[in-house]
Amino acid sequence: MTIQEAQERVDAWIKRYGVRYFSELTNMACLTEEVGELARVMARRYGDQSFKAGERADLAEEMADVFWVLLCLANQTGVSLTEALEASFEKKTRRDAERHKNNPKLQSDAE
């Protein structure tokens, strides 16, 4: 599925099952909440915290939840995430073409 297809599928789902989009501000709060849930799983799986009894640990599900709300926000605000990602690649390539290769902090990991 392409990013555009994902945006279209979310839009169709919202129209069929969700009645309407939440407001942009509500969805921004939802995005923040979902990122927090992802951060919790990351901290427990890869960081120093441990899981609590009965706590969910589905990293993929949390990432998908973040992506879902981001797709909603893009749809609501008229943003094509495909175009935005292409522009981001161009910007990062222009800005960082040599920067990371020349960063001594990254050299030890590459060896």
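Derivation of every value follows stated rules applied to the coordinates shown; laboratory data play no part. Note that the structure is predicted; figures quoted are calculated from it, not measured. Note that each Cβ is placed from the backbone with ideal geometry, even for glycine, and that neighbours are counted across all protein chains shown.
Across the chain, Cα pairs under 8 Å and at least six residues apart give a relative contact order of 33 percent. Apply the a/c threshold of 1.5 to the C-alpha gyration tensor of the chain and tell me whether it is rounded, prolate or oblate. Cα axes put the chain in the oblate bin.
Here the simple spin-label model places points 7 Å from the Cα toward Cβ, and for K52 and T26 these points are separated by 2.6 nm.
For A43 and A12, compute 0.36 nm times the residue count separating them, minus their Cα-Cα distance, and round to one decimal in nm.
Numbers: separation 31, 0.36 × 31 = 11.16 nm, distance 3.40 nm.
Length gained, A43 through A12: 7.8 nm.
Peptide packing: for 92-105, 64-77, the average count of neighbouring Cβ atoms within 10 Å per residue gives the ranking 64-77, 92-105, highest mean first.
At 222 nm, what value in deg cm²/dmol follows for the chain if DSSP H runs of at least 4 each add -39500 (n - 2.57) and the sum is divided by all its residues, to the nearest 500? Display every interim value, and only then the final one.
Numbers: 5 runs with 75 residues, N = 111.
Here the helix-only value at 222 nm equals -22000 deg cm²/dmol.
For the stretch 53-70, putting each phi into the Karplus relation 6.51 cos²θ - 1.76 cosθ + 1.60 with θ = phi - 60° gives couplings of 4, x, 6, 6, 9, 8, 4, 4, 4, 5, 5, 5, 5, 4, 5, 4, 5, 4 Hz, in residue order, rounded to whole numbers and with x for Gly and Pro.
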